[in-house]
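Participant: Structure incoming, see below.
The values are calculated or read from the model by the stated rules, or taken from the named source; none is laboratory data. All values derive from a computational prediction rather than experimental measurement. When we count neighbours, we look across all protein chains shown, and the Cβ atoms used for this are built from the backbone with ideal geometry, even at glycine. Ligands, DNA and RNA are stripped out before the accessible areas are found, and what is left, the full protein with its side chains, is counted by its heavy atoms. Shrake-Rupley method; radii C 1.70, N 1.55, O 1.52, S 1.80 Å.
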Amino acid sequence: MAEEFYFDREGKRIPVPASNNHMLEFLFSHAWGRALLRLASSRGYSDLQRGVLNSWVSSFFISGFVRKNRIPLREYEKKKYVSFHDFFLRRIRPECRPMTLGGTVLMSPCDCKASVYPIEEDSSFRIKDVNYTVGEVLRDEELAAEYLGGWFFLLRLCVEDYHHYFYPVSGEKSEDRRIEGTLYTVHPLIHKYEKVYRENTRQFCTITTANGAKVLMMEVGALGVGRIVNENTETGSVRQGEEKGHFEFGGSTVLVLAPKNTYAPSEDLLRNTEAGGETIVKLGEEIGREEHP
């Protein structure tokens, strides 16, 4: 298996510990292993795991999780956590995530490992040698057509990341739409076995900015509890940097789609994606900037 790595925003290559990558590869490469993972991806299993993680007993897992994933607790509000679930929803100190705001900026809605892909004129884009179409992801070919020639930002949250997410732009929000599915892991090595962004449970809305750009924001659940919890699913005005919601335990993903000639991706994201790596991005950083035809 090739070494997994990230880039920081200066272009430095950051190796990623192998952790359970070999186990995932082994399980997905065998029919019986895929069957086990499908069971673990079921809603019933997720509900059971949620119950365990909400119990007081689960609080004993917190210290080991912090050490293993090198979570900088100094960045978070001080609190006594009554369960692992309570810890996972911890709040970050605002000064630790300053936000780059403004009508010309596309802001990262979350802490993530980011990559970006052009949406071709046939609605397709390619992630880790796997072809998708926007229509598959949205299950709406008419809406998908509005993003032809635009950009697809894939913002993958790992278990160590802050799991609250915020609006990347200001504007008029549509009603949320939910697509039921499974809860596969969103780890990059799984793409050759499953089209996770076509199959996983997901929820999305569009945000129409003052300049008429219809930015789409989608939350994708993943292996584990992976529950998507949005504060407001109705229509209305939203502000860039306003909290939209959070994920419960599990790695997850936020997808942002920008139509053609609206927001151009930051050069480092383009360069690092082309080099085969994800970029470590923090909530509030710039990931794109308004462009004009």
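Participant: Residue under question is Glu136, and the condition is that it be out of contact with any helix residue (DSSP H, G or I) (no Cβ under 8 Å at 6 or more places or on another chain), on the phi < 0 side of the Ramachandran plot, in a helix (DSSP H, G or I) and open to solvent by 10 Å² or more (accessible area, probe 1.4 Å); does it hold?
Facilitator: When the stated conditions are applied, Glu136 does not pass them.
Participant: Among strands (runs of 3 or more DSSP E) lying entirely in the stretch 227-293, which contain 1 or more residues that are hydroxyl-bearing (Ser, Thr, Tyr), surrounded by fewer than 20 Cβ atoms within 10 Å (Cβ to Cβ) and on the phi < 0 side of the Ramachandran plot?
Facilitator: 236-238
Each row is one residue, and each column tells you yes or no for (1) open to solvent by 20 Å² or more (accessible area, probe 1.4 Å); (2) modelled with pLDDT under 90; (3) farther than 30 Å from Phe84 by Cβ; (4) part of a strand (DSSP E or B).
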residue: Tyr162; (1), (2), (3), (4): no, no, no, no
residue: Tyr165; (1), (2), (3), (4): no, no, no, yes
residue: Pro168; (1), (2), (3), (4): no, no, no, no
residue: Glu175; (1), (2), (3), (4): yes, no, yes, no
residue: Ile190; (1), (2), (3), (4): no, yes, no, no
residue: Tyr197; (1), (2), (3), (4): no, yes, no, no
residue: Thr206; (1), (2), (3), (4): no, no, yes, yes
residue: Asn211; (1), (2), (3), (4): yes, no, yes, no
residue: Met217; (1), (2), (3), (4): no, no, no, yes
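Participant: For the stretch 69-83: of the residues being assigned to a helix (DSSP H, G or I) and more than 21 Å from the chain's Cα centre (by Cα), which is farthest from Glu248 (Cα to Cα)?
Facilitator: Ranking the candidates gives Arg74 first.
Participant: Still on this structure: Can you tell me which residue is nearest to the chain's Cα centre (by Cα) among those in the stretch 86-102 that are crowded, with 16+ Cβ neighbours inside 10 Å and part of a helix (DSSP H, G or I)?
Facilitator: Residue satisfying both the conditions and the ranking: Phe88.
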